[in-house]
1. Please build a GNM for the chain, connecting alpha carbons under 10 Å apart, and tell me which residue among 79, 50, 221 fluctuates the most.
2. How long is the gain from residue 41 to residue 138 if the chain were fully straight, where each residue apart is worth 0.36 nm and the alpha carbon distance is subtracted?
3. Suppose a student asked you for the relative contact order of the chain, using Cα pairs under 8 Å spaced at least 6 residues apart; what percent would you report?
4. Which one, 23, 62, 42, has the greatest fluctuation when you compute a Gaussian network model over the chain with C-alpha springs under 10 angstrom?
5. Run the quick spin-label model on residue 145 and residue 281: label points 7 Å from Cα toward the beta carbon, then report their separation in nm to one decimal.
6. The range 125-303: Rg/Rh from Cα coordinates, Kirkwood Rh?
7. By per-residue mean of other Cβ atoms within 10 Å, what is the highest-first order of 134-145, 283-294, 197-208?
8. Have a look at 102, 132, 32 and tell me which one the Gaussian network model of the chain (Cα, springs below 10 Å) gives the largest fluctuation.
Ligand code: PSU
Ligand code: MN
């Protein structure tokens, strides 16, 4: 028997086959998005939270070149402590595979691998999107174009506040990717409850979200459904503070010539330092909420 190129853990295989709820989780959030040692705590807490809901977690990443759906605790621990680990988006998978190295998978790569394993729900923090100045730099996350081709449900708190949000929403429209708010038609702004931009639809229950996913599948449409779950208003970053921080973060990135896939980690790190860790608490809170909602929708989808 040959070893499959993509490794799906036995636990995830069993849960998918038996129609039990599974939620996919990305690894870039703990390999690049969050500082040590909090990154590992957050990754393991997300898994524990899902298990407490009766949901199987499928943390996804690349371990020694093997794209893996359902990393073990030991593997998550090693990835979260690896210096200069690759940030693996979809285009990087063949490279990290061939080189046999570790990689933290972005939303794009995670969605691809989750769908390959038959997992229908994927919870993350913030999606990649259109960066400011993209009309000149062309810096648009492959998350968007990938999600246009992968039929999965992605739960996020919107796109990261560091992005050009209206441009990102326009791209989602062009790419036929539905964006639905959870209990709101105000598009969340990751660190803040309301980005200031509106979206067309909202659902109020996990069952309604599951119904949208089922309708997408019945129609045979190939794209992801995006469920945008806002952080609670009393847990958000003070909105008036955010605008000022973002202006300085962009200016600093410009000054240091940061570009490409280094932009997101740089900007997130700048905001973390500037808010003395407060943005980190919000980031973790946002993620927690999305993981819990993912568990509820995955459960609703099994009924
Ligand atoms: N949200 C966070 N931290 C992160 C990311 C999102 O709070 O590190 C990651 C996700 O994995 C997302 C990626 O897919 O950033 C987007 O990177 P880029 O813009 O280079 O495509
Ligand atoms: Mn980019």
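Values quoted throughout were computed directly from the atomic coordinates according to the rules given, and no laboratory measurement underlies them. In this text, all values refer to a predicted model and were calculated from it rather than measured experimentally. All Cβ positions, even for glycine, are placed from backbone atoms using ideal geometry, and neighbour counts span all protein chains on display.
1. 221
2. Stretched out fully, the residue 41 to residue 138 stretch lengthens by 31.4 nm.
3. Relative contact order here is 19 percent.
4. The residue that fluctuates most here is 42.
5. Distance between the two pseudo-spin positions: 4.0 nm.
6. Value, to two decimals: 0.97.
7. 283-294, 134-145, 197-208
8. 132
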